[in-house]
1. Where is the GNM fluctuation largest for the chain (alpha-carbon springs, 10 angstrom cutoff): F128, F44, F115?
2. Could you work out the relative contact order of the chain? I mean the mean sequence separation of Cα pairs under 8 Å and 6+ apart, divided by the number of residues, in percent.
3. With the cut-off at 1.5 for a/c, could you classify the stretch 16-83 from its C-alpha gyration tensor as rounded, prolate or oblate?
4. Looking at the chain only, what percent of DSSP beta bridges run antiparallel? Nearest 5 please.
5. Let me make sure I get this right: for the chain, a, b and c are the square roots of the gyration tensor eigenvalues over alpha carbons, sorted descending. Under 1.5 in a/c it's rounded, otherwise prolate if a/b > b/c, else oblate. Which is it?
6. Using DSSP to call loops (not H, G, I, E or B), can you name the GluC sites (Glu not before Pro) in the stretch 22-100 whose Cβ has at most 15 other Cβ atoms within 10 angstrom?
7. What net charge do the residues around S92 carry, taking every other residue with its C-beta under 9 Å from that of S92, with Lys and Arg at +1 and Asp and Glu at -1?
8. Picking from L101, L162, L12, which is most flexible by a Gaussian network model of the chain using Cα springs under 10 Å?
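What follows is calculated from the coordinates using simple rules that are stated; it is not laboratory data. In this text, all values refer to a predicted model and were calculated from it rather than measured experimentally. Glycine also receives a Cβ, built like all others from the backbone with ideal geometry; neighbour counts cover every protein chain displayed.
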Amino acid sequence: MPTTVNHLRDVLILECKMHRDSRGAFAETWHEVRYREAGIPSRFVQDNVSWSSQGVLRGLHYQWPHPQGKLISVLSGEVFDVAVDLRVGSPSFGKWAGYTLSHDGGRQVYVPPGFAHGFVVLSEQAIFSYKCTELYRPDAERLLRWDDEDLAIEWPVGDVHLSDRDNHAPRLRDVPRHHLPAYAAAR
């Protein structure tokens, strides 16, 4: 059963039990009942995989008005993964948390709807996988600048490789509030 740690309001870190022997390793990366008990929704509608080289930074991305939750795993290599709370009215609005994820660490991150997400590859190559709670919608895709000085994310690399659109993303302060989700406090 995964254990969870909350480093940023509603972002969950899951430590999967790794079974290792002379053949390699095995980890259970999804079990509906156990993950639901840990606070992860049981409905995922899309799985994605990306392959990237060292220094590639993807993000910061989010969808609005169709926000996605993401259950993130690294299948090969190592990345530094970042979540930014974009929920207007949240006690942690505009705050970020970063986590190192690798294929041999047994760690997953759940980034809930209402957060921007990005990662940078630390190893020579990485294969990055994530399950989504909503379908990707090009008309709902939004971007934030990876190096927004107001967010002050401490990326562990200096020289990054970006897509053109990520390189020209707006800062959080320049995003209209109607392009951001509202915070709904738990009852």
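1. So, out of F128, F44, F115, the one fluctuating most is F44.
2. Value for the chain: 29 percent.
3. Oblate, because a/c is 1.5 or more while a/b does not exceed b/c.
4. Approximately 95 percent, going by the DSSP bridge assignments.
5. oblate
6. Here the GluC sites (Glu not before Pro) that fit, given the DSSP loop and packing criteria, are E28.
7. Combined, the nearby Lys, Arg, Asp and Glu give +1.
8. Result: L162 has the largest fluctuation of those listed.
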